[in-house]
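Undergrad: Quick one: structure below, then a few questions.
Computed from the coordinates by the stated procedures, all read-outs in this text should not be read as laboratory data. Bear in mind the structure is a predicted one, so any value in this text is a computation, not a measurement. In this analysis, Cβ positions are derived from the backbone assuming ideal geometry, glycine residues included, and neighbour counts consider all displayed protein chains.
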Amino acid sequence: MPNLPRLHRISQITPDQSVICITGENSLPGWLNLSESEKEYAIKQLQSDEEYVVINSYFKVTYIVKIKDSHPEYRKKEELRKTAFNLRKTIKSGNHGTLVIAGHKDFPGAVSAFTEGLLLSFYSFDKYKTEAGEKDKTAYPPEILLYEGPGDEELKWLLDLTGSVWFIRDLINEPVNHLNAPSLAEEIRKTGEESGFKVEILNKGRIEALKMGGLLAVNRGSVDPPVFCILEWKPEKALNRKPVVLVGKGIVYDTGGLNLKPGDYMENMKGDMAGAAAVTGAMRTIAKAGLPVHVVGLVPATDNRPGGNAYTQGEIITMYNKMTVEVGNTDAEGRLILADAISYASKFKPELIIDVATLTGSAAMTFGIQALAVMGNADRKYFRMLEECGNEVYERTAELPFWDEYGELIKSDIADVRNIGGREAGAITAGKFLERFAEYPLIHIDIAGPGMLKKDDYYRLKEGPGTGARLLSEFLRKYAAGLTKKN
Ligand code: BES
Ligand code: ZN
Ligand code: ZN
């Protein structure tokens with residue numbers, strides 16, 4: 001991972017500094033050091049609806065960015081993140097040693113949003129490029145100085161959060177020959193050590209002793225062993241007695257198994273651990289921020305392959321919670337490993353379980369890359385919170401119905417449940433399958449669409465944009481803030 005830019009706050013701007021000035025109206029702040037004719041030109045451009053204006057002076061560049069009049073309010077922030085992405089190449093070609101990002105007092109979120117978009121746009125995955133010229137195509141570490149922007153705490157959050165997204169993008173983008181399940185566990189262990197959360201890694205022997213039949217079945221066709229990672233952030237001053245448990249799907253590669261994926265359906269399947277990445281990213285962020293809440297992360301991981309003793313269609317497997325599952329399709333593997341983790345979550349008597357997974361083509365077909373599909377049986381207040389946070393970070397959620405009748409589609413004649421329903425409502429029947437294993441309130445988030453991208457969607461860079469980490473982090477921050485208020 002290339003180095004993240006450094007960020008500081010400043011309280012004064014000197015006339016020779018290159019500045020990105022974010023402004024709300026077709027007017028410029030008094031401190032902006034430009035000639036009268038430059039100012040006139042800039043205002044004219046802003047009035048003609050340009051999203052930004054670039055003014056090259058002799059020894060500095062001034063970028064003027066307009067806050068668009070978008071509704072609702074949270075869209076203004078998203079427009080700024082996008083503008084940051086659009087400006088990334090121009091900014092890079094300016095080759096600034098330091099760069100000021102200056103805000104607008106009527107819109108305090110402007111600097112944060114623009115900076116976030118810029119940092120997320122500067123990431124690049126080029127470690128396997130051997131020619132120097134090809135490296136760091138977009139990565140660029142200027143020193144960024146914030147003027148009239150966020151306070152210290154917010155600034156630290158922003159830096160930790162974008163750092164987490166960079167980190168998990170690397171995990172998602174690593175192909176399986178460089179990142180198998182044990183090495184994913186090792187990466188999680190290292191980041192836990194660095195950011196302060198505890199990591200326990202259960203190896204194959206421990207997983208066998210626990211009889212996690214779902215994870216073991218999916219792993220049977222692989223030459224690499226499975227892992228089950230337990231991440232825990234438990235600060236002394238935790239405000240919740242019952243933890244939130246996050247569960248992430250860690251399929252490091254999904255061939256489909258013996259129900260091999262046809263054609264190019266296997267493309268991108270190194271990203272089938274994007275849910276695990278999202279959970280890891282959120283744990284890293286909240287640990288770095290020292291959030292006063294007890295949170296546990298569970299990551300079952302393996303690849304899904306058709307080798308050796310691979311599990312087959314028609315098998316009946318006994319899961320960790322002793323329920324039996326008829327395997328209708330070996331490509332519906334995610335729900336099997338998640339089910340074991342979701343029943344394991346009972347150990348923590350959680351307030352809430354949230355699982356994140358690239359689970360179904362059905363969710364991707366329904367919502368495309370724009371929405372995270374959510375469903376579950378948890379208290380409505382948590383769905384509302386999730387939706388609000390989704391809007392703020394612009395990882396928006398869209399809820400699917402979760403009616404009992406959908407559960408009937410996964411009945412089995414010969415076992416307790418089947419791992420596939422029919423052709424209909426595939427994202428929902430997958431969620432209903434998971435619900436059978438949850439003894440505590442569950443929210444299931446399917447990121448099959450936005451979890452892995454064929455091309456950049458602005459600052460949501462291809463291939464693994466890191467979807468879900470910002471949503472979960474924001475959700476936990478809000479959850480902690482709610483508890484702080486109560487106490
Ligand atoms: N990892 C896939 C889901 C997926 C598909 C993610 C496309 C991202 C993009 C999952 O394991 C899978 O193969 N699901 C099957 C389930 C089916 C066999 C019931 C699917 O959705 O086709
Ligand atoms: Zn699959
Ligand atoms: Zn999968």
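Undergrad: I'd like to compare 304-314, 349-359: which one has the highest average count of other Cβ atoms within 10 Å, and what's the full order after that? Provide the component values of the computation, followed by the final result.
TA: Details: 304-314: 16.6, 349-359: 26.0.
My ranking of the peptides, most packed first, is 349-359, 304-314.
Undergrad: Here is a further query. Need the full-extension length gain, residue 481 to residue 223, defined as separation in residues times 0.36 nm minus the C-alpha distance. One decimal, nm.
TA: 88.4 nm
Undergrad: Let me ask something else about it. Work out, step by step, the length gained on full extension between residue 322 and residue 236: first 0.36 nm times the residue separation, then minus their alpha carbon distance; give nm to one decimal. Numbers along the way, then the final one.
TA: Details: separation 86, 0.36 × 86 = 30.96 nm, distance 3.47 nm.
This chain segment gains 27.5 nm when fully extended.
Undergrad: Report, in debye and to the nearest 20, how large the dipole of segment 7-149 comes out about its Cα centre when Lys and Arg carry +1 and Asp and Glu carry -1 on their Cβ.
TA: Numbers: 19 positive and 20 negative charges, 83 e Å.
Dipole about the Cα centre, nearest 20: 400 debye.
Undergrad: Among 79-90, 115-126, what's the highest-first ranking by average C-beta atoms within 10 angstrom per residue? Working shown, then result.
TA: Details: 79-90: 20.4, 115-126: 23.4.
Descending packing order for the listed peptides: 115-126, 79-90.
Undergrad: Counting DSSP beta bridges in segment 7-143, what percent are antiparallel, to the nearest 5? Mind dumping the intermediate values first?
TA: Numbers: 6 of 15 bridges.
Around 40 percent of the beta bridges assigned by DSSP in segment 7-143 are antiparallel ones.
Undergrad: Identify, among 277, 182, 162, the residue whose Cα sits farthest towards the positive end of the charge dipole of segment 136-278, taking +1 on the Cβ of Lys and Arg and -1 on the Cβ of Asp and Glu, with the dipole about the Cα centre.
TA: 182
Undergrad: Oh, and also: Using only Cα atoms, tell me the angle between helix 181-195 and the longest principal axis of the chain; keep it within 0 to 90° and round to the nearest 10.
TA: 50 degrees
Undergrad: Report, ordered by chain and residue number, the lysines lying within cross-link reach of residue 44, taken as a straight Cα distance under 30 Å and ignoring same-chain residues fewer than 8 apart.
TA: Once the sequence-local lysines are set aside, what remains near residue 44 is 60, 66, 68, 76, 77, 82, 89, 92, 105.
Undergrad: Taking a ≥ b ≥ c as the square roots of the Cα gyration tensor eigenvalues, with a/c under 1.5 meaning rounded and otherwise prolate when a/b beats b/c, else oblate, which class fits segment 162-486?
TA: Values: a/c = 1.32, a/b = 1.28, b/c = 1.03.
Cα axes put segment 162-486 in the rounded bin.
Undergrad: Could I ask something else about it? Can you tell me which of 248-257, 380-389, 272-281 comes out highest on packing, and rank the rest after it, using the mean Cβ neighbours within 10 Å? Numbers along the way, then the final one.
TA: Working: 248-257: 27.3, 380-389: 15.4, 272-281: 32.0.
The most tightly packed comes first, giving 272-281, 248-257, 380-389.
Undergrad: Same structure again: Report the Cα centroid-to-centroid distance between segment 196-238 and segment 249-272 in angstrom, as an integer.
TA: Centre-to-centre (Cα) distance: 21 Å.
Undergrad: Give me the percent of DSSP beta bridges within the chain that run antiparallel, rounded to the nearest 5. List each step's numbers first, then the result.
TA: Details: 27 of 68 bridges.
Just about 40 percent of them are antiparallel.
Undergrad: Against the longest alpha carbon principal axis of the chain, how many degrees, from 0 to 90 and to the nearest 10, is the axis of helix 469-486 turned?
TA: It works out to around 90 degrees.
Undergrad: Helix 380-393 against the longest principal axis of the chain: what's the angle in degrees, Cα atoms only, rounded to the nearest 10?
TA: It is inclined by approximately 40 degrees.
Undergrad: Now for a different question. Under the Kirkwood approximation for Rh and a Cα-based Rg, what ratio Rg/Rh is obtained for segment 373-487?
TA: Details: Rg = 16.4 Å, Rh = 15.8 Å.
Dividing the radius of gyration by the Kirkwood radius yields 1.04.
Undergrad: A further question on this structure: Measure out, as a whole number of angstrom, how far apart the alpha-carbon centroids of segment 93-111 and segment 413-483 sit.
TA: Cα centres, segment 93-111 to segment 413-483: 34 Å.
Undergrad: While we're here: Please work out how much length the chain gains when fully extended from residue 381 to residue 6, using 0.36 nm per residue of separation minus the C-alpha to C-alpha distance, in nm with one decimal.
TA: Values: separation 375, 0.36 × 375 = 135.00 nm, distance 3.73 nm.
Fully extending the segment from residue 381 to residue 6 adds 131.3 nm.
Undergrad: Further question on the same structure: If the only charges are +1 at each Lys and Arg Cβ and -1 at each Asp and Glu Cβ, what is the size of the charge dipole of the chain around the Cα centre, to the nearest 20 debye? Let's see the in-between values first.
TA: Numbers: 61 positive and 66 negative charges, 165 e Å.
Charge dipole of the chain: 800 debye, to the nearest 20.
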